[in-house]
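Okay, structure first, notes after.
Please treat every number below as a calculation from the coordinates, not as lab data. This structure is a prediction, so every number in the text was calculated from the model and none was measured. Glycine also receives a Cβ, built like all others from the backbone with ideal geometry; neighbour counts cover every protein chain displayed.
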Amino acid sequence: MRLLSILARVGLVFLGAVLVSAVSADIVWEDSSDEEITTSDLASALFGEWALPLLALGFLMAMAMVGAAYLVRDERLVNLEWELNGGEKE
Amino acid sequence: MIDPAWVSGLAAILFIIGLWGAFSRKNAIVVLMCIELMLNAVNLQFVAAANHWGDVTGWVYAIFAIAIAAGEVAIGLAIFLSMYGQHETISLDEVNLLKN
């Protein structure tokens, strides 16, 4: 188990070294563009080409929020009664 | 402007730190933070590439990744809260069942 742990750490360091050398190699970043991206371009892309994925993402986020609210719901009787009475003391 | 190769190197280092943390830590919140670190490293890479090549797609991907990360945190914290309510711990070593 100890050996496996050491091997995993060595593997992570190796992966890190490979990743850093691969992504910062000069050949990757050779040809650049002088084109400036503006927020207007971003908005056009989001509401044009990417409109459908944006809608899907919004739906996914709404589902996630509903799921999170369901997971943290409080079912204690005193709180249920408080909600049923509209938050007012009897 | 900063050379995108340096930004990429930083993103790779951040990603490895996040990966190491996600593999080695036992506290669920720390693991979640490490996953967020990995997501932010990828975002950094997207933005560096988008800025370098003048392509808006990288920005769009970064925005999508940020939104998904926000949803992931909401769900993750809700799960941890529920987990703590049932097991009174959020140590990933001690919580090994998906049922009550």
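Using the Cα coordinates of chain B, the gyration tensor eigenvalues translate into equivalent-ellipsoid semi-axes of 33, 15, 7 Å, sorted from longest to shortest.
Taking Cα centre as origin and charging only the Cβ of basic (Lys, Arg, +1) and acidic (Asp, Glu, -1) residues, the dipole magnitude of the protein assembly as shown rounds to 1000 debye. Remark: the range B:50-63, residue by residue, has Karplus-estimated 3J(HN,Hα) of 4, 5, 6, 9, x, 10, 6, 4, x, 5, 4, 4, 4, 5 Hz, where x stands for each Gly or Pro and the curve is 6.51 cos²θ - 1.76 cosθ + 1.60 at θ = phi - 60°.
For chain B, modelled as a GNM whose springs connect Cα atoms under 10 angstrom apart, the maximal fluctuation among B:Ala62, B:Ala28, B:Ala70 occurs at B:Ala70. For the range B:5-13, backbone phi angles converted through the Karplus equation (6.51, -1.76, 1.60; θ = phi - 60°) give residue-by-residue couplings of 5, 5, 4, 5, x, 4, 4, 5, 5 Hz, Gly and Pro being listed as x. Other residues within the sphere of radius under 12 Å centred on the Cβ of B:Gly85, judged by their own Cβ, net out at -1 (K and R +1, D and E -1). Our analysis of the range B:1-53 gives Rg over Rh at 1.09, with the two radii drawn from alpha carbon positions and Rh computed by the Kirkwood formula. Under 10 Å, Cα contacts only: if you run a Gaussian network model on chain B, which one of B:Leu37, B:Leu14, B:Leu81 comes out with the highest mean-square fluctuation? Fluctuation is largest for B:Leu81.
Only Lys, Arg, Asp and Glu carry charge here, each on its Cβ (+1 for the first two, -1 for the last two); on that basis chain B has a dipole of about 120 debye about its Cα centre.
Centre-to-centre separation between the Cα atoms of the range B:9-77 and those of the range A:31-76: 15 Å.
Our coupling estimate for the range A:33-40, obtained by passing each phi through the Karplus curve with A = 6.51, B = -1.76, C = 1.60 and θ = phi - 60°, is 10, 8, 5, 8, 8, 10, 5, 5 Hz, Gly and Pro reported as x. For chain A, a Gaussian network of Cα nodes joined below 10 Å ranks A:Gly48, A:Gly67, A:Gly11 by mean-square fluctuation, and the top entry is A:Gly11.
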